[in-house]
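Visitor: The structure's right below; bear with me while I get my questions together.
The values are calculated or read from the model by the stated rules, or taken from the named source; none is laboratory data. Because the structure is a prediction, the values reported are computed rather than measured. For accessibility, only protein heavy atoms count, side chains too; no ligands or nucleic acids. Shrake-Rupley method; radii C 1.70, N 1.55, O 1.52, S 1.80 Å.
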Amino acid sequence: MTFTISDAAYATNTPEAKHTMYADLRSQLQGLLSGESDFIANTANFSALVFNSMPGLNWAGFYFLKGDELVLGPFQGKPACIRIKKGRGVCGTTVVEGKSIVVQDVHAFPGHIACDVNSRSELVVPIFAQGQIIGVFDLDSPLTGRFDEVDAQGVESLVRVLEAAIAE
């Protein structure tokens with residue numbers, strides 16, 4: 001199978017532009033994951049695709065659930081916190097709540113963990129396998145208000161592609 005990674009410069013100023021970006025990213029991600037079963041390789045390519053395609057990010061990556069904490073997985077960006085307890089920060093809260101969390105201003109989120117002091121907004125999406133949360137995909141931005149519900153739905157659709165690859 002062959003695939004092409006787009007060099008498109010995406011706009012994020014309208015919901016329509018975001019929908020177009022996420023549709024394109026889904027297609028590219030499906031090509032990247034097609035025929036590859038290695039979870040680490042797939043999550044590494046996933047984070048690289050998103051980080052290098054979506055404007056306004058300073059971090060994109062995974063944390064995997066091990067016992068009662070999340071452990072850093074493949075990512076793009078500055079070095080990050082290695083372990084996060086369930087219920088702590090946006091990532092740990094996502095695990096407890098079992099749903100995506102959009103944070104417009106991380107300084108207003110109680111218990112926010114500042115791995116990168118330049119981060120201002122965050123979007124965290126849970127990853128499921130066999131009905132259980134196995135980790136989260138975390139996006140950070142240096143821009144306050146960078147993420148909204150359209151982004152949450154778009155990134156959730158990307159995570160569903162990964163979950164489908166896990167299930168194969």
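Visitor: Sorted by accessible area (1.4 Å probe), largest first, how do Thr14, Thr20 line up?
Guide: Accessible-area ranking of Thr14, Thr20, largest first: Thr20, Thr14.
Visitor: Go ahead and set up a Gaussian network model of the chain, Cα springs under 10 Å, then flag whichever of Val102, Val117, Val50 fluctuates most.
Guide: Maximum among the listed residues: Val117.
Visitor: To continue, here is another question. Once you've got the GNM for the chain with C-alpha springs shorter than 10 Å, pick whichever of Asp105, Asp68, Asp138 has the biggest mean-square fluctuation.
Guide: Per the Cα network of the chain with a 10 Å cutoff, Asp68 tops the list.
Visitor: Right, here's the next one. For Ala129, which sequence-distant residues (separation of 5 or more, or a different chain) have an amide H within less than 5 Å of its own amide H, given hydrogens modelled in the peptide plane?
Guide: Ile134
Visitor: Can you give the three extents of the C-alpha atoms in segment 10-106 along their principal axes, from longest to shortest, in whole Å?
Guide: Result for segment 10-106: principal-axis Cα extents of 36, 36, 26 Å.
Visitor: Now a separate question. Is segment 30-77 rounded, prolate or oblate when judged by the Cα gyration tensor, a ≥ b ≥ c being the square roots of its eigenvalues, rounded requiring a/c under 1.5 and prolate requiring a/b larger than b/c?
Guide: oblate
Visitor: Let me ask another. Working from the alpha-carbon coordinates of the chain, get Rg over Rh, Rh being the Kirkwood radius.
Guide: Rg divided by Rh gives 0.94.
Visitor: While we're here: Decide, for segment 81-143, between rounded, prolate and oblate: order the square roots of the alpha carbon gyration tensor eigenvalues as a ≥ b ≥ c, take rounded if a/c falls under 1.5, and otherwise choose prolate if a/b is larger than b/c, else oblate.
Guide: Prolate shape, in that a/c is at least 1.5 and a/b is the bigger ratio.
Visitor: Taking 0.36 nm per residue of separation and subtracting the Cα-Cα distance, what length does fully extending Ala129 through Ala11 add?
Guide: Working it through step by step, the gained length comes to 39.3 nm.
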